[in-house]
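A quick write-up on the structure given underneath.
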Amino acid sequence: MCDDDLTPPRADLTEEQWLRAEPELADGQVGDRVRAMSTVRRRALLGGAVAGAALAVLPGSAAAGARPTGTAPRPRGAEAEKFPFPQRPGSEGEFSVLITGDAGTGKEAQHAVAAAARQVCRTEGIGLAVGLGDNIYENGPESDHDSEFQTKFEEPNTGIDVPWLMVLGNHDCSGLIPGSGGDPSRGDREVSYARSSRRWYMPSRYYAAALPAGGGDPVVEFFALDTNPVASTVAQLDPHYQWDGPYMRAQREWLDGALAASRARWKVVIGHHPYLNNGKHGSAGSYDGFLVGHYTRGIHLKELYEEVVVGRADLILSGHDHTLQLLEPTTRTAGTRQIVCGASSKSGDGTAHSSHPAAWQNFSDHGFMVLKVSETAMTVDAYTVDVPTRTARLAHRIRTTTPVRPKEVESAGKSYA
């Protein structure tokens, strides 16, 4: 069974309830992975208990009662010297940005897509890259120095030597069930890893980044979201990460304020789970065919997109579905365009599962995209990749010259605390 095909029998079970409801999952690949994770975690807990005992005797220790804040602790060793953000556009007057998603398998398809992208990056003068989540399959890293960061990110992307804006996917934040998104706290390890990597940019679990870097009104600003607490396939047990808990209230308030304050010509929201999607995972509010449940169907992510994002951002960039889709702006989206780009290591089932208007879409091939922005236009090039030959083909291009005009939203100015 493919881990990405795992869907719960009922909406919003806990992981333990899911395993009890489908005991056959305890056998085979899923069961093996769960048992392997349990062994690793027991070792980590034993080590953590010893370290915690040592910390407890230090003056001023804050170990007890600590809460995740969105910014992980500093990892081991010195902070890496980062690849710099572009300070000026390329020769064509554009900033060029590589877009990838659902890449982190470490397998041949990931290496093939990265090799094809590397050639396009040289031609297009790429100065920035985006990773749309599921960065480390199948359950995220076990620490901020896990070797999987090397085998599933650094090594495949060697030569694409630019900052990578990274967001968390459900596979980066999973507990017992691979891809469940049921343990958001695991994402802090990826935030922490950013301190030791030249490429990996994730200063916190959600953040903004603008081009050009440093001073003046930006040409484009990216708003990176953590969508996992409101789109997991299992119920969130930690009150901090529940859909109406302090973490999501703070993230929503930040996003609302950041979009309102941005002076960028173009605004791009990036998050793992899509708002609209013609692939098998479906759209927010009815993910994987579920029409009930706070988490499994993603109803509160739908609300976040509709109440805070649409009509204020030009693009929503998402992964999660292993497809390539350039959906059309509609009245429903108030001019915002949804793009799905999650085929950088896994591919789709070849079938459209919904009928949202699309400029172009592909449900079979691997691929990536390139976003090009200037003061006068925004262009998205979609590439498919032939894995055996590691070559890319430009499959479609869309271009717009009119930014989305901000609209008044009910959430503007409200407090979510």
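Observations
- The set of residues in segment 165-212 being closer than 20 Å to Lys152 by Cβ and in a strand (DSSP E or B) consists of Leu165, Met166, Trp200, Tyr201.
- Sole exception among (1) without any contact (Cβ under 8 Å) to a residue 40 or more places away in the chain; (2) open to solvent by 40 Å² or more (accessible area, probe 1.4 Å); (3) over 21 Å from Thr100 (Cβ atoms) for Ser185, by number: (1)
- Selection from segment 18-27 of residues that are touching a residue at least 24 places away in the same chain (Cβ under 8 Å) and over 25 Å from the mean Cα position of the chain (by Cα): Leu19, Leu25
- Any chance Gly350 is surrounded by fewer than 14 Cβ atoms within 10 Å (Cβ to Cβ) and within 23 Å of the chain's Cα centre (by Cα): yes
- Test: Arg205 is charged (D, E, K, R) and in contact with a Leu (Cβ under 8 Å, 6 or more places away or on another chain): yes
- Selection of segment 295-328 for residues being under 18 Å from Asp381 (Cβ atoms) and open to solvent by 20 Å² or more (accessible area, probe 1.4 Å) yields only Glu328.
- Ala235 being more than 23 Å from His294 (Cβ to Cβ) and among the hydrophobic types (A, V, I, L, M, F, W, C): no
- Of the listed requirements (1) at pLDDT below 95; (2) open to solvent by 20 Å² or more (accessible area, probe 1.4 Å), Gly70 misses just one: (2).
- Subset of segment 213-245 that is assigned to a helix (DSSP H, G or I) and touching a helix residue (DSSP H, G or I) at 6+ places or on another chain (Cβ under 6 Å) - its residue that is surrounded by the fewest Cβ atoms within 10 Å (Cβ to Cβ): His240
- The residue pairs whose first member lies in segment 332-350 and is touching a residue at least 40 places away in the same chain (Cβ under 8 Å) and more than 13 Å from Thr100 (Cα to Cα), whose second member is of a type in the set (Lys, Arg) and open to solvent by 30 Å² or more (accessible area, probe 1.4 Å), and whose beta carbons are closer than 8 Å, counting only pairs six or more residues apart or on different chains, are Ala334/Lys407; Gly335/Arg405; Gly348/Lys280; Asp349/Lys280.
Residue-by-condition table, conditions (1) of a type in the set (A, V, I, L, M, F, W, C); (2) over 14 Å from Met369 (Cβ atoms):
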site	(1), (2)
Thr323	no, no
Pro329	no, yes
Cys341	yes, no
Ser345	no, yes
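- Within the span defined as segment 80-89, every residue fails to be part of a loop (DSSP other than H, G, I, E, B), at pLDDT 95 or above, closer than 19 Å to Thr151 by Cα and touching a strand residue (DSSP E or B) at 6+ places or on another chain (Cβ under 7 Å).
- Matching residues, segment 285-294, being open to solvent by 20 Å² or more (accessible area, probe 1.4 Å), in contact with a His (Cβ under 7 Å, 6 or more places away or on another chain) and either in a loop (DSSP other than H, G, I, E, B) or hydroxyl-bearing (Ser, Thr, Tyr) (or both): His294
- For His171, the conditions (1) surrounded by fewer than 24 Cβ atoms within 10 Å (Cβ to Cβ); (2) out of contact with any helix residue (DSSP H, G or I) (no Cβ under 6 Å at 6 or more places or on another chain); (3) not acidic (Asp, Glu) all hold with the exception of (1).
- Identity of the residue in segment 123-141, more than 18 Å from the chain's Cα centre (by Cα) and open to solvent by 30 Å² or more (accessible area, probe 1.4 Å), that ends up farthest from Asp226 (Cα to Cα): Thr123
- Yes/no for Gly257 being open to solvent by 10 Å² or more (accessible area, probe 1.4 Å), on the phi > 0 side of the Ramachandran plot and either part of a strand (DSSP E or B) or free of Cβ contacts under 8 Å to residues at least 60 places away in the same chain (or both): no
- Members of segment 296-330 found to be under 11 Å from Thr227 (Cα atoms), in contact with a Gly (Cβ under 7 Å, 6 or more places away or on another chain) and without any contact (Cβ under 8 Å) to a residue 60 or more places away in the chain, listed by number: Lys302
The values are calculated or read from the model by the stated rules, or taken from the named source; none is laboratory data. Worth saying up front: this structure is predicted, and the values here are computed from it rather than measured. Heads up, the Cβs are rebuilt from the backbone with ideal geometry, glycines too, and the neighbour counts pull from every protein chain shown. Keep in mind that these areas ignore ligands, DNA and RNA; they rest on the heavy atoms of the full protein, side chains included. Shrake-Rupley method; radii C 1.70, N 1.55, O 1.52, S 1.80 Å.
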